[in-house]
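The values are calculated or read from the model by the stated rules, or taken from the named source; none is laboratory data. These numbers were taken from a predicted model, which means no experiment stands behind them. Note that each Cβ is placed from the backbone with ideal geometry, even for glycine, and that neighbours are counted across all protein chains shown.
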Amino acid sequence: MSPLIQYSSFLIRMWRPWRQEPENRPGEWCCEVEHIQSKAGWTFTTIEELLAFLQNQADHPQGLAQTDEDL
């Protein structure tokens, strides 16, 4: 039997709302993450928060789906 690997998929959405006043330019990035397997979702107001979340998921993968390596 092949060893089990940890696997998880995320859908990441990013957008910048347009600011009309005072600068008339794009605002800060907004980020949304959806865990494909569980359908859980999270929203972040900065890219730094998004990256910290993804780093935490990689460092502490509890709850990730177990699948055969050769799938």
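Once segment 10-24 is narrowed to residues that are within 17 Å of the chain's Cα centre (by Cα) and either farther than 17 Å from residue 61 by Cβ or surrounded by fewer than 11 Cβ atoms within 10 Å (Cβ to Cβ) (or both), the residue that is modelled with the lowest pLDDT is 16. Report yes if some residue within segment 25-38 is hydroxyl-bearing (Ser, Thr, Tyr) and at pLDDT 70 or above; otherwise report no. The answer is yes; a qualifying residue exists.
Selection of segment 39-51 for residues being over 12 Å from residue 10 (Cα atoms), loosely packed, with under 12 Cβ neighbours inside 10 Å, at pLDDT below 95 and under 12 Å from the mean Cα position of the chain (by Cα) yields only 48.
Tallying residues that are over 12 Å from residue 10 (Cβ atoms) and either small (Gly, Ala, Ser) or modelled with pLDDT of 90 or more (or both) within segment 57-71 yields 2.
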